[in-house]
Amino acid sequence: LELLTHKKVVYDQAVSDDQKVDSIIRTVSDLSGIPMSTMLSANRHSKVVIARQVAIYLIKENTHLSLGRIGEVISNGRPKNHATIIYSVKAVLDDYWTAKKTKTETERYALAEQSKDLLTANFQI
């Protein structure tokens, strides 16, 4: 068990934050059915926003990137402001709280859980 834990830590250290970001964005894009180019655009359709917020949350939780840097990598055009990043993380966390208290799943919660499960299963985060 200790050896397995050690391997995971070594693997995590070997994977750069840029590689983690790429894996997260691709996974969320695949699971949501939203193309990466659309997810990283300024599109404000609710399904696109949800996918983008989940990606932002996972990037924040699994990398050492600053809020400003996350805003840059999650946008093809004008970078997202740090307040947008904070809002996105809070939206996902609020859905986690709601799911726990009411035993109901929102679309954002379900996408976040599926993404985390797939990333963890593939040892990508």
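Accessible area per residue for the chain, computed on protein heavy atoms with a 1.4 Å probe, is 61 Å².
Sorted largest first, the spans of the alpha carbon positions of region 71-124 along the three principal axes are 37, 27, 14 Å. Annotation: Cα Rg of region 14-94 relative to the compact-globule expectation 2.2 N^0.38 Å equals 0.97. With each label modelled as a point 7 angstrom along the Cα→C-beta vector, the Lys90-Ser37 pair spans 3.4 nm. Extending 7 Å from the Cα toward the beta-carbon at both Asp17 and Lys100 defines two label points whose distance is 2.6 nm.
Mean sequence separation of contacting Cα pairs (under 8 Å, at least six apart), scaled by the length of region 66-105, corresponds to a relative contact order of 26 percent. For the chain, no complete DSSP H run has alpha carbons reaching 27 Å or more along its own long axis together with a mean Kyte-Doolittle score of 1.0 or higher. Using R0 = 30 Å, the C-beta based FRET efficiency linking Arg44 and His64 works out to 0.55.
The values are calculated or read from the model by the stated rules, or taken from the named source; none is laboratory data. Just so you know, these numbers come straight off a predicted model, no measurement behind them. All Cβ positions, even for glycine, are placed from backbone atoms using ideal geometry, and neighbour counts span all protein chains on display. For the accessible areas, the whole protein counts, side chains as well, though only heavy atoms, and no ligand, DNA or RNA atoms are used. Shrake-Rupley method; radii C 1.70, N 1.55, O 1.52, S 1.80 Å.
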